[in-house]
Amino acid sequence: MAGILVLYGTSTGHTAKIADRLARRMRDKGNMVECLDVHHIPSSFRPEAYDGILIGAPIRMMRFPRPVIRFVKRWQQALGSRPTAFFAVGLAVADKRPEQQQLVDQWVRSFLKETGWQPAKQAVFAGALLYTKYGFVTRFIMRKIATTEGRSTDTSRDHEYTDWDQVDRFADEYLAALRH
């Protein structure tokens, strides 16, 4: 039984939902898993207490949240001494055009270069249009973007594009790598 940390940054809650799913999947397989928001790390936090660490972050405006970047930079040595994984979440992932996928890959590579972190596993998950959580201006902008990209423009509800089977497979693959 492994002790695993799933740490995430989130802006509208969807990355937290994916982190919770990963944590639940790994708990169901008999592991002790703690799921933490990067904004709520206790002062007693020590990464050495975990056998493995997964870190997730949303892609917003072609970047990752500063608190996640700061966390990775601060704990880089500890992250390098145990099996780690990174998952990125964004609407751009749902766009299967090669040029869009190249952009997503570029954003992830830039994040890893900026932080100096080399996780053993990586994944990108399609995010969600969370119209009901956006303010007026963000909802307007996201609806315009959705129109040009062929996504739903029904702002009366949220639209998830996440492949939950892919999320489960990522958890399983990480656990398999952790055991070897």
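The values are calculated or read from the model by the stated rules, or taken from the named source; none is laboratory data. Only a predicted model underlies this, so the values are computations on that prediction, with no experimental measurement involved. Ideal geometry is used to build each Cβ from the backbone, glycine not excepted, and the neighbour counts take in all protein chains shown. Surface accessibility is based on the protein's heavy atoms, side chains included, excluding ligands, DNA and RNA. Shrake-Rupley method; radii C 1.70, N 1.55, O 1.52, S 1.80 Å.
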Do you know which residues across region 90-125 are in contact with a Lys or Arg (Cβ under 9 Å, 6 or more places away or on another chain) and in contact (Cβ under 8 Å) with a residue 60 or more places away in the chain?
-> Leu91, Ala94
Within the group Lys144, Lys133, which residue is out of contact with any Leu (no Cβ under 7 Å at 6 or more places or on another chain), charged (D, E, K, R), touching a residue at least 60 places away in the same chain (Cβ under 8 Å) and open to solvent by 80 Å² or more (accessible area, probe 1.4 Å)?
-> Lys133
Which numbered condition His39 misses (of (1) assigned to a helix (DSSP H, G or I); (2) in contact (Cβ under 8 Å) with a residue 40 or more places away in the chain) | (2)
Considering region 94-114, residues that are closer than 29 Å to Lys73 by Cβ and among the acidic types (Asp, Glu), and then whichever is nearest to the chain's Cα centre (by Cα), we arrive at Asp105
Hey, among the residues in region 42-62 that are assigned to a loop (DSSP other than H, G, I, E, B) and touching a Phe, Trp or Tyr at 6+ places or on another chain (Cβ under 8 Å), which one's nearest to His180 (Cα to Cα)?
-> Ile59
Within region 121-144, residues hydrophobic (A, V, I, L, M, F, W, C), modelled with pLDDT under 95 and within 24 Å of Val167 (Cβ to Cβ) come out as Ala126, Ala128, Leu129, Leu130, Met142
Those residues that are modelled with pLDDT of 90 or more, of a type in the set (Ser, Thr, Tyr) and open to solvent by 70 Å² or more (accessible area, probe 1.4 Å), I need them from region 147-160; list them, please.
-> Ser156
Tell me, yes or no, whether region 63-73 has at least one residue that is in a loop (DSSP other than H, G, I, E, B), open to solvent by 20 Å² or more (accessible area, probe 1.4 Å) and under 18 Å from Lys121 (Cβ atoms).
-> no
Contacts under 8 angstrom Cβ, first residue in region 1-17 being over 20 Å from Asp28 (Cβ atoms), partner of a type in the set (D, E, K, R) and at pLDDT below 95, 6 or more apart = Ser11/Arg60; Thr12/Lys133; Gly13/Lys133; His14/Glu160
In region 13-29, is there at least one residue being hydrophobic (A, V, I, L, M, F, W, C), assigned to a strand (DSSP E or B) and modelled with pLDDT of 95 or more?
-> no
Taking region 31-49, which residues are open to solvent by less than 40 Å² (accessible area, probe 1.4 Å) and either over 21 Å from Glu173 (Cβ atoms) or modelled with pLDDT under 95 (or both)?
-> Leu36, Asp37, Val38, Phe45, Pro47
